[in-house]
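The values are calculated or read from the model by the stated rules, or taken from the named source; none is laboratory data. Remember, it's a predicted structure, so these values are computed and weren't measured experimentally. Ideal geometry is used to build each Cβ from the backbone, glycine not excepted, and the neighbour counts take in all protein chains shown. With ligands, DNA and RNA removed, areas are computed over all heavy atoms of the protein, side chains included. Shrake-Rupley method; radii C 1.70, N 1.55, O 1.52, S 1.80 Å.
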Amino acid sequence: MLTAVLALTAIAIIFGLLLGFAAVRFKVEGDPLVDQIDAILPQTQCGQCGYPGCKPYATAIANNEADINRCPPGGETTIIALADLLGKDPIPLDAEVGEEKPKMVAIIDEETCIGCTLCIQACPVDAILGAAKQMHTIIEVECTGCELCVEPCPVDCIDMVPIKEDIFHWKWPYPEQTDEEAKL
Amino acid sequence: MIRQLFRFKGGIHPPQHKDRSTRSPIQAAWLPKQLILPLHQHIGESGEPIVAVGDHVLKGQKIARASGYVSASVHASSSGTITAIEELPIPHPSGLSASCIVIDTDGEDRWIEHGPEDIPYTEMDVSHLRNLIRTSGIVGLGGAGFPSSIKLNPAGSKIDTLILNGVECEPYITCDDMLMRERPENIIAGAKIMRHALNARQCLIAIEDNKPEAYTAMIEACKDEDIEVVQVPTLYPQGSEKQLIKVLTGKECPSNGLPFQIGIVVHNVGTAAAVHNAINLGEPLISRIVTVTGDGVAEPCNLEVLLGTPMQALLDQCGGLNSDVDRIIMGGPMMGFAMHSTEIPVIKTTNCILAATESNVTAPSDVMPCIRCGACADVCPVDLLPQQLQWYARSKEFERAQEHNLFDCIECGCCAYVCPSNIPLVHYYRYAKTEIWAQEREKEKADIARQRHEFRQSRIEREKAEKAARLAKKKAAVKKPADGEKDDKQAAIQAALDRAKAKKEAQGVEPKNIENMTPAQQKQIDDANARRQQTDTSEQES
Amino acid sequence: MIKLNTPSSPHFHGPSTVTTVMLKVMLALLPGILIYAWMFGWGVIINIVLASITALATEALMLRMRQRPVMMYLFDGSALVTAMLLALALPPLAPWWLVVIGSAFAIIFAKHLYGGLGFNPFNPAMVGYVMLLISFPREMTSWLAPLSLGEQNLSLGQSLSFVFSGSLPAGLSLDALTMATPLDSLKTELGLNKAMQEITASPIFGMLGGTGWEWINIAFLAGGLWLIHKKIISWHVPIAMLGSLALISFLFFIIKPGAYASPLFHLFSGGAILGAFFIATDPVSGATTPKGRLYFGAGVGVLTYIIRSWGGYPDAVAFSVLLMNMAAPTIDYYTRPRVFGHGGGN
Ligand code: SF4
Ligand code: SF4
Ligand code: SF4
Ligand code: SF4
């Protein structure tokens, strides 16, 4: 019995050393953490996380000031990726900040637009084209769907519409869950 | 000489069910009232329509041109009038719609003037030959639908072997089998053209040993040709390009490379026949042979179908759909996609329409957890670890899945076929693949957004700094020795306030260019202002 | 309009299901069980029946508690296989509570607490066995003598009454029934510094691996080969395990034949064959890559020899399998096969 205990202890020590060695030996010197986190965030720049943009939120996560579940546009995918990066367990999205919605883009009703430029000032990614007193349009591919332009518009001419699904963007749905998996 | 054959790892022997559709010869399908021709029938960019609604078109007339290098043109498969160019359901697992050209046929089936080129292909410039094939809209007819002219361009590589794929390893499908039995000379004529284009040293035709009639017919037709017909033992998924190459040559095509890099090109036998039609007869690709089979139809058979014919028409011709049909599969039972309706048209890659009853397909039984039996890994022709892949796909650890070579999976379905726990493994891989693609797209988008955001931020910073600098300058200028600094400050603040006010006004809260406005525009603005007032007050209230 | 189903391909499925796999495993065990029972009497059968009933009852209970579909999992056969393997590892005529505790422990702790079928990192039958061995060493080591060597042959009724109440027919003592197993006695007698030839001359050692045991093991071997033929198990684990056991015992045997038993003895005594074909091949807790299975099997073989020769317990298959179970995920990770088209192929 004693030998067994000793042997197991010895094995444990050896493996411990091995792991420690590996950790030191294969350590990756990469981007600073903030950039790595920022790379995972969706860059919608919507501020729903409670920070003025993705980068500030990334900084807060890196400083351990914020949980990883505060980005609604990123949703589950982002949470899992963050958890992976930081070696934490994935947690569900914080209901307080909102919920994961289908991706949207803004469109300006060009008939109604009065050319006030307020939306341009709100848009975090300069996705709106137009000059003062001229009709504005949104560059669809560059719009992140952050909705920040909706509120400032004085004539309510900006609508958020879901991105249309086509055969090139269609995704296979997640396979139906058997009850065994649903509980995992 | 008996050719030495090789073996790829894994593979399965599913029941064949091929004999039911080979009892009668290939028949011509009826001319449908309406043809629906999707612009996207192949891998690559969609075609670009070159006709307009109301145009009358003739059979064989080009109605959409290729819109990129990897793209293919579309031709009218019968004469008639273009009645719509709109989004209609196309054969796709999603059941979604995409752009289609709709032709109401006039029943005359009148050809456009056509015929072979004046000079024989052997004397043509090879790139001209390729271009003829390209403008004929020919894509791989085996199922993948890659534009054939590209696969006939060795791009500088020396091509040793041209392989014609007559393997047809999927159960139920017999269109290539019947083609080889009935029109071997077309295949061989096409093969010679392809070989000429590639300047290939040898040409092989591979046929599985469950098709003895086709084998005999091809041997007979190849008597005087320098083409070798090779019989290969039946094994699914041998018809997959890279697996077939391994079997015939022992060479392994690199994971993300193409066969021509190792001096090999593979074309389907049907494609060869289409090339023959295009070059020797001048006919573009407007029809193909389709196997209509399964217990869901009364008379399974092979039909020569005009592209764009709705599947329902073919099912009707084969005796109509039985009421106990469970699903309509385009392609075979191992890799085919279940269709969402029967009004979906036949396209260039439709090799089979399988109207499957519940007894033809496996009724869904309970999915159990993976017991790690490894049966899936034993049959995987690519030597992946399917059980690990499904684990990662299920837990959405896509990076790990990619690390385990998810993208080498050819979705052959061998793993799911043998899995005792009945896990829909391939569905998991498809889910993961499309999800990864979407993530990549999103990542790209996020990168652009980040750049633009950072650019904007720095611009704002800069503007702020410039403004501050200007202000400081002004301040220095207006500074009077007598007055106290206090006044000075106040004046600056006042000035800033004025400016802000002016700016606000300029920003269009009160637009000034109200000359030349139509009453409607005026009303719009008034309405807008009214709404704005409302929001303002409501905001104050809240 | 007919409603069309649109699931993902493949639309075909082969005949194999978890239940058919488990049934085949049980079928393959059958010849071994019959010979075992023929050699050692009713106790073997009683063990199996008791363990099976307990396992099924516990399984049903656990499934109910974990709110899983009871019917779907209860008859998948996995609990029965666990019960049979455990029963075969226990001494025949073991008291009923021993069998019941072991079987219930295996199902509850080693299987369901880890998440049920497919999720257990350790082989449940072996966990149950080891738990019993550690907790009840006396009961677990009093083996019956093979009928051909023993003095009495108990009837079914007598066996039952002994199992359930511990009472023996008049005039029969426990000592007359039990006898050390060949592996056991080898160990004790070697401990007494007897020479190998002297020890193995005793009738319990039989021709290969101990009287009675050799035939049982040959029957298990036959069953195992059938499973390989049927592709239920792959050849990698058994071959690697038996191969490494044979090799290492052969090395020691030629170095010092007086102190170490022959390879044949090692292969055909104790649970080596049963372990190689039926226990170490348990897919859930073992390695799954082909190369990984070779390492896994070899590991079990080597550990078995080490524990048998120098460890505190007579047989070692259970311990070795559990130890290797721990290493299985790591082995899998480092033995991923070369994927088609990824270098080195041509
Ligand atoms: S919620 Fe997400 S997308 Fe929006 S700003 Fe915060 S991190 Fe960026
Ligand atoms: S256009 Fe609107 S929704 Fe789109 S990114 Fe700009 S502010 Fe956000
Ligand atoms: S065949 Fe099914 S049960 Fe077996 S290892 Fe693969 S996925 Fe798991
Ligand atoms: S579907 Fe993919 S993982 Fe499954 S056997 Fe085929 S190639 Fe392998």
- [ ] Can you give me the number of residues within segment C:285-305 that are within 23 Å of residue C:86 (Cα to Cα), modelled with pLDDT under 90 and open to solvent by 20 Å² or more (accessible area, probe 1.4 Å)?
- [x] 0
Task: Any chance residue B:51 is at pLDDT 90 or above, closer than 23 Å to residue B:91 by Cα and open to solvent by less than 30 Å² (accessible area, probe 1.4 Å) - done: yes
TODO: Could you figure out which of (1) open to solvent by less than 30 Å² (accessible area, probe 1.4 Å); (2) assigned to a loop (DSSP other than H, G, I, E, B) isn't true of residue B:191?
DONE: (2)
Task: When residues of segment C:71-83 are limited to those that are crowded, with 24+ Cβ neighbours inside 10 Å and away from chain B (no Cβ under 12 Å), the one farthest from residue C:125 (Cα to Cα) - done: C:79
Open item on the list: Go through segment B:220-251 and report how many residues are within 14 Å of chain C (Cβ to nearest Cβ) and part of a helix (DSSP H, G or I).
Closed with: 9
Task: Options A:125, A:150; residue that is modelled with pLDDT of 85 or more, open to solvent by less than 50 Å² (accessible area, probe 1.4 Å) and in contact with a strand residue (DSSP E or B) (Cβ under 6 Å, 6 or more places away or on another chain) - done: A:150
Task: Cross-chain or 6+ apart pairs with Cβ under 8 Å, segment B:64-85 first and in contact (Cβ under 8 Å) with a residue 24 or more places away in the chain, then small (Gly, Ala, Ser) and in a strand (DSSP E or B) - done: B:73/B:64; B:74/B:64; B:77/B:287; B:85/B:99
Task: Some residue of segment C:292-305 being more than 26 Å from residue C:21 (Cβ to Cβ), assigned to a helix (DSSP H, G or I) and hydroxyl-bearing (Ser, Thr, Tyr) - done: yes
Open item on the list: Exactly one condition in (1) buried (at least 18 other Cβ atoms within 10 Å of the Cβ); (2) within 14 Å of chain B (Cβ to nearest Cβ); (3) not in a helix (DSSP H, G or I) is false for residue C:315; which is it?
Closed with: (2)
Open item on the list: I'd like to know if segment A:49-60 contains one or more residues that are more than 10 Å from chain B (Cβ to nearest Cβ), within 16 Å of ligand 2 (Cβ to nearest atom) and in contact with a Ser or Thr (Cβ under 7 Å, 6 or more places away or on another chain).
Closed with: no
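Return a yes/no flag: does segment A:134-142 have any residue that is exposed (fewer than 15 other Cβ atoms within 10 Å of the Cβ), more than 16 Å from ligand 4 (Cβ to nearest atom), assigned to a helix (DSSP H, G or I) and β-branched (Val, Ile, Thr).
So the first thing to find is which residues in segment A:134-142 are exposed (fewer than 15 other Cβ atoms within 10 Å of the Cβ), and the list is A:134, A:137, A:139-141.
Subsequent filtering for residues that are more than 16 Å from ligand 4 (Cβ to nearest atom) retains A:134, A:137, A:139-141.
Of the ones still in play, those that are also assigned to a helix (DSSP H, G or I) are A:140-141.
Within this subset, residues satisfying the condition of being β-branched (Val, Ile, Thr) are A:141.
There is at least one residue in segment A:134-142 that is exposed (fewer than 15 other Cβ atoms within 10 Å of the Cβ), more than 16 Å from ligand 4 (Cβ to nearest atom), assigned to a helix (DSSP H, G or I) and β-branched (Val, Ile, Thr).
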- [ ] Scan (1) modelled with pLDDT of 85 or more; (2) on the phi < 0 side of the Ramachandran plot; (3) more than 16 Å from ligand 2 (Cβ to nearest atom) for the single condition residue A:75 breaks and write down its number.
- [x] (2)
TODO: Please find, among C:254, C:273, the residue that is away from chain B (no Cβ under 14 Å) and closer than 25 Å to residue C:36 by Cβ.
DONE: C:273
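The rows are residues; the columns are (1) more than 11 Å from chain C (Cβ to nearest Cβ); (2) of a type in the set (Gly, Ala, Ser); (3) free of Cβ contacts under 8 Å to residues at least 60 places away in the same chain; (4) open to solvent by 70 Å² or more (accessible area, probe 1.4 Å).
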{"site": "B:427", "(1), (2), (3), (4)": "no, no, yes, no"}
{"site": "B:432", "(1), (2), (3), (4)": "yes, yes, yes, no"}
{"site": "B:437", "(1), (2), (3), (4)": "yes, no, yes, yes"}
{"site": "B:444", "(1), (2), (3), (4)": "yes, no, yes, yes"}
{"site": "B:448", "(1), (2), (3), (4)": "yes, no, yes, yes"}
{"site": "B:453", "(1), (2), (3), (4)": "yes, no, yes, no"}
{"site": "B:458", "(1), (2), (3), (4)": "yes, yes, yes, no"}
{"site": "B:464", "(1), (2), (3), (4)": "yes, no, yes, yes"}
Task: Selection within segment A:151-173 - under 13 Å from residue A:113 (Cβ atoms), more than 7 Å from chain B (Cβ to nearest Cβ) and in a loop (DSSP other than H, G, I, E, B) - done: A:152, A:153, A:157
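Let's see how each residue does on (1) of a type in the set (Asp, Glu); (2) under 26 Å from residue B:84 (Cα atoms); (3) outside any loop (DSSP other than H, G, I, E, B); (4) more than 9 Å from chain C (Cβ to nearest Cβ):
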| residue | (1), (2), (3), (4) |
| --- | --- |
| B:288 | no, yes, yes, yes |
| B:308 | no, yes, no, yes |
| B:314 | no, yes, yes, yes |
| B:323 | no, no, no, no |
TODO: Pick out the one residue from C:31, C:10 that is modelled with pLDDT of 85 or more, within 23 Å of residue B:430 (Cα to Cα) and not β-branched (Val, Ile, Thr).
DONE: C:10
- [ ] Check segment B:353-362 and report whether any residue there is surrounded by 24 or more Cβ atoms within 10 Å (Cβ to Cβ), touching a residue at least 60 places away in the same chain (Cβ under 8 Å), more than 9 Å from chain C (Cβ to nearest Cβ) and under 19 Å from the mean Cα position of the chain (by Cα).
- [x] yes
Open item on the list: Just to be sure I understand, how many residues within segment B:203-219 are open to solvent by 70 Å² or more (accessible area, probe 1.4 Å) and part of a strand (DSSP E or B)?
Closed with: 0
- [ ] Please enumerate the residues belonging to segment B:19-74 that are more than 20 Å from the chain's Cα centre (by Cα) and among the aromatic types (Phe, Trp, Tyr).
- [x] B:30
Task: Every residue from segment B:83-126 that is in a strand (DSSP E or B) and either more than 23 Å from the chain's Cα centre (by Cα) or not assigned by TED's automatic domain parsing to the domain that holds residue B:278 (or both) - done: B:83, B:104, B:105, B:111
TODO: Sort out which residues of segment C:227-238 are open to solvent by less than 80 Å² (accessible area, probe 1.4 Å) and away from every other protein chain (no Cβ under 11 Å), and write them in order of number.
DONE: C:227, C:228, C:238
